[in-house]
Amino acid sequence: MASAPEILDELRRLRARVPQLTGALAAGVDGLVLAHDTPGVEPEVVAALTAAALGVAVRMADTTGQGDFRELLVRGRYGYVATYAAGESAVLTLLAQDRVNVGRLHLEGRRAGARLGELVDAREAAARQTRAAPAEPPPQPPAKPPVRTPAKPPTVRTRTARGPATANARTTTES
């Protein structure tokens, strides 16, 4: 099971391998921060924007028949923002300077995304297993079944047929 320190260690090792990275963030696909190494950037904002961009990227890949989402690259005037799939429930977002070798960025980002995916998916599986395990054993059936007394039979009411009908049920009296 991965913990935030394990994920953070992976992000720091990634930043050491690619010196032009200015930040790295692991987030859930729901936009919640799992771990970050993003000096000067608000990680919650980046994670939320990553989730929004991921939604559009997933939809675009699906609509155009390109298959499952793998990565997204945004180039700005001062650098790059790269987002990589990290297992079933997480993404890796990297911030890099404009002078980064984009091929190296992709190579290291894909590798780190795969490693983070393994850590996060293992963590999620363990959490699901913990939630699925009952906290207490189910109640045992009583040793002797309770004695049931027969219910009182319901009163059955029947209708009787009426006698012959009279032509005029009203009686009139003349004075």
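The values are calculated or read from the model by the stated rules, or taken from the named source; none is laboratory data. The structure presented is a predicted model; accordingly, all values stated were derived computationally and were not measured. Backbone-built Cβ (ideal geometry, glycine too); neighbour counts: all protein chains shown. Surface accessibility is based on the protein's heavy atoms, side chains included, excluding ligands, DNA and RNA. Shrake-Rupley method; radii C 1.70, N 1.55, O 1.52, S 1.80 Å.
Go through A52, A16 for me and flag whichever is in a helix (DSSP H, G or I), more than 22 Å from the chain's Cα centre (by Cα) and exposed (fewer than 12 other Cβ atoms within 10 Å of the Cβ). Just a single option satisfies the conditions, and that option is A16. Per the listing V29, V58, the residue uniquely touching a Phe, Trp or Tyr at 6+ places or on another chain (Cβ under 7 Å) and modelled with pLDDT under 95 is V58.
For segment 73-84, a residue qualifies if it is open to solvent by 30 Å² or more (accessible area, probe 1.4 Å) and among the aliphatic types (A, V, I, L, M), and the qualifying residues are L73, V74, V81.
Residues checked against (1) among the aliphatic types (A, V, I, L, M); (2) part of a helix (DSSP H, G or I); (3) crowded, with 18+ Cβ neighbours inside 10 Å:
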residue: R12; (1), (2), (3): no, yes, no
residue: A26; (1), (2), (3): yes, no, yes
residue: H36; (1), (2), (3): no, no, yes
residue: A48; (1), (2), (3): yes, yes, no
residue: V58; (1), (2), (3): yes, yes, no
residue: F69; (1), (2), (3): no, no, yes
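Which residues, taken from segment 106-121, are buried (at least 20 other Cβ atoms within 10 Å of the Cβ) and among the hydrophobic types (A, V, I, L, M, F, W, C)? A112, L116, L119, V120, listed by residue number. Filter segment 95-116 for residues that are outside any helix (DSSP H, G or I) and out of contact with any Ser or Thr (no Cβ under 8 Å at 6 or more places or on another chain) and give the result. Result: D98, R99, V100, N101.
When you check E42 against the structure, is it in contact with a strand residue (DSSP E or B) (Cβ under 9 Å, 6 or more places away or on another chain) and among the charged types (D, E, K, R), yes or no? No; evaluated as a whole, the condition is false for this residue.
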